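Working notes, beginning with the structure itself.
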Amino acid sequence: MIVVFGSINIDLIFALPRLPTSGDTVLCPAARIEPGGKGANQAVAAARDGARVIMAGAVGRDALAKDALALLHDARVDLSRVVETDAPTAAASVMVDPSGHNAIAVGSGANLLTQASQIEDALLTPETIVVLQMEVSADQTAALIHRAKARGAKVILNLAPAAALPIEALKALDILTVNETEGDWLAAHFKCPPTARALQQTLGVTVIRTLGENGLEVATGQGVQHIPARQITPTDTTAAGDCFVGVLAAGLDRGQSLTDALQRATAGAALCCMKAGSQGSLPWAEETDAFLRG
């Protein structure tokens, strides 16, 4: 079982001829509305890959909440730990250029009211994988990390977007995932080289550092491994990192080795990049199976 603790958003997506610069206005024919949020994306990715998933988060009592939860419902994610609040449902503006690069602004709203207490201790067992990101309160994230670790659950943190957590919480993780920007930020914080190996030696946990088209490096206590990226032409990289984390968690939940789960996660992320959109671009298990078969 996978328990995802994190953000639930509604995304307003603009496919632009170029990303705007400061003071710039760029027009496009139309915008698209789609569910998003790193937590919800990771929950949907894991569920579409076949895992049993529980989502803990928060939405507002507003017109956006139903649409923000729609694809979680469709993927049969358990939403009994999602609460309604007086704050607005979180919203993001996602701008994407023709090469698939993006820029995103987020109004956090109800996400900041998500509480670790929404997840009861009975869910935190050695058979549970807890997945977290950094779009809800860092204090609540740290509190859940410690509770989950104390009860024997496996804990995966995607440090996205990069933000400070107490080092004791980081050292309590089983797996830390960062991209290049997040890895650079964390390495500067700890005054170490921005490599998976250096971060692993600093924290004593498995570190996965994704490198975009250059694949990823994973550092464990046994050494460092490089896994190449899938060779694709990206359409939109939005949610690819979330897809990677969700599919990774689903693979580990099924009992796959870390290497096999990482191979599947890179395939899932590649498929995500080949479709426009955010949560709607996340692949189903049969799509990933077919992609891996070549």
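With respect to the conditions (1) of a type in the set (G, A, S); (2) out of contact with any Ser or Thr (no Cβ under 6 Å at 6 or more places or on another chain); (3) closer than 25 Å to D97 by Cβ; (4) buried (at least 23 other Cβ atoms within 10 Å of the Cβ), A249 lacks only one, and its number is (3). Within the stretch 253-263, being in contact (Cβ under 8 Å) with a residue 60 or more places away in the chain and either surrounded by 24 or more Cβ atoms within 10 Å (Cβ to Cβ) or outside any helix (DSSP H, G or I) (or both) holds for one residue alone: R254.
When residues of the stretch 48-83 are filtered for being crowded, with 17+ Cβ neighbours inside 10 Å and part of a helix (DSSP H, G or I), how many remain? Final tally of qualifying residues: 7. Residues in the stretch 264-294 that are small (G, A, S) and assigned to a loop (DSSP other than H, G, I, E, B) were compared, and the one that is surrounded by the fewest Cβ atoms within 10 Å (Cβ to Cβ) is G294.
A92 - would you say it is surrounded by 22 or more Cβ atoms within 10 Å (Cβ to Cβ) and at pLDDT below 95? Considered against the rule, which asks whether it is surrounded by 22 or more Cβ atoms within 10 Å (Cβ to Cβ) and at pLDDT below 95, A92 comes out as yes. Can you confirm whether V207 is assigned to a helix (DSSP H, G or I), surrounded by 15 or more Cβ atoms within 10 Å (Cβ to Cβ) and of a type in the set (V, I, T)? Against the criterion (assigned to a helix (DSSP H, G or I), surrounded by 15 or more Cβ atoms within 10 Å (Cβ to Cβ) and of a type in the set (V, I, T)), V207 does not qualify. Could you tell me whether any residue of the stretch 5-24 is assigned to a strand (DSSP E or B), within 25 Å of E120 (Cα to Cα) and either at pLDDT below 95 or of a type in the set (A, V, I, L, M) (or both)? Within the stretch 5-24, none of the residues are assigned to a strand (DSSP E or B), within 25 Å of E120 (Cα to Cα) and either at pLDDT below 95 or of a type in the set (A, V, I, L, M) (or both).
For A105, the criteria (1) touching a residue at least 24 places away in the same chain (Cβ under 8 Å); (2) not in a helix (DSSP H, G or I) hold in every case but one, which is (1). Filtering the stretch 25-47 to residues that are outside any strand (DSSP E or B) and surrounded by 24 or more Cβ atoms within 10 Å (Cβ to Cβ) leaves G37, K38, G39, A40, N41, Q42, A43, V44, A45, A46, A47. May I ask you to list the residues in the stretch 27-45 that are more than 13 Å from C272 (Cβ to Cβ), in contact (Cβ under 8 Å) with a residue 12 or more places away in the chain and among the hydrophobic types (A, V, I, L, M, F, W, C)? Correct list: C28, A31, I33, A40, A43.
Being within 17 Å of the chain's Cα centre (by Cα) and farther than 22 Å from V77 by Cα is the filter here; which residues of the stretch 268-294 pass it? Spell out how you get there, then give the answer.
Kept after step one, since they are within 17 Å of the chain's Cα centre (by Cα), are these residues of the stretch 268-294: 268-273, 277-284.
A270, C273, listed by residue number.
Of all residues in the stretch 180-191, those satisfying the criterion of being farther than 16 Å from T206 by Cβ and either in contact (Cβ under 8 Å) with a residue 12 or more places away in the chain or assigned to a loop (DSSP other than H, G, I, E, B) (or both) are E180, T181, W185, A187, H189, F190, K191.
Of the listed requirements (1) out of contact with any Pro (no Cβ under 7 Å at 6 or more places or on another chain); (2) free of Cβ contacts under 8 Å to residues at least 40 places away in the same chain; (3) more than 26 Å from A265 (Cβ to Cβ); (4) not small (G, A, S), D74 misses just one: (3). The one condition from (1) touching a residue at least 60 places away in the same chain (Cβ under 8 Å); (2) surrounded by fewer than 20 Cβ atoms within 10 Å (Cβ to Cβ) that A122 does not meet is (1). Taking L157 as the residue in question, decide whether it is free of Cβ contacts under 8 Å to residues at least 60 places away in the same chain and not in a loop (DSSP other than H, G, I, E, B). The answer is yes for L157.
Among the residues of the stretch 167-187, none is identified as among the acidic types (D, E), farther than 19 Å from L248 by Cβ and crowded, with 17+ Cβ neighbours inside 10 Å. Here the stretch 125-154 is the region considered, the condition is being among the hydrophobic types (A, V, I, L, M, F, W, C) and outside any helix (DSSP H, G or I), and the residue that is farthest from G107 (Cα to Cα) is A153.
The values are calculated or read from the model by the stated rules, or taken from the named source; none is laboratory data. None of the values given here were measured: they were computed from a predicted structure. Glycine also receives a Cβ, built like all others from the backbone with ideal geometry; neighbour counts cover every protein chain displayed.
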